[in-house]
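Single-structure report; data block below.
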């Protein structure tokens, strides 16, 4: 790290501590002994989302959260649970070192998380995400949800 006072190329770290998702480091120049502060943050690769129409746009966490909040309106789902879903989506692609995600894939990941949190929120999100056009689509989604719950109950009973 270059000293901002004398331009020398070497410094030593005097103190480190976390600060707002960054690491704050107090440094001291080896040459002039001046002290200065630097901040380090983790750089995540830019994630691009491929939309259904084939266009691309940068991943927008706030847009994802807004969509989930629409589905959970007046439901017993906490802000922390929504934040955990958003964190999961971001970490899923960062850990897989993917830079492109299909919007359908993101929607499926959200549906899987909502299914275990709140069935009504799941159906609400699915109705927009899967673009239900008639009552039959709703009934099919609810039946699928009920069948999965029944299958899960059967598995718990046999264990």
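A short reminder: the numbers here are calculations on the coordinates, not readings from a lab. Predicted, not measured: the structure shown is a model, and the values here were computed from it. Reconstructed Cβ throughout: ideal geometry from the backbone, glycine too, with neighbour counts over all protein chains shown.
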Point-to-point label distance, residue 12-residue 35, nm (Cα→Cβ direction, 7 Å offset): 1.4 nm
Degrees, to the nearest 10: 135-158 long Cα axis against longest axis of the chain: 80 degrees
Expected-Rg normalisation [2.2 N^0.38 Å, Cα atoms] applied to segment 1-43: 1.17
Ellipticity estimate at 222 nm from DSSP helix runs (n ≥ 4, -39,500 (n - 2.57)) divided over the chain, nearest 500: -16500 deg cm²/dmol
For semi-axes √(5λ) of the Cα gyration tensor in Å, calculated from these coordinates, the label among [x] 58, 14, 12; [y] 47, 19, 13; [z] 25, 22, 14: [y]
Calculated over segment 65-145: convex hull of Cα atoms, volume per residue (Å³): 92 Å³
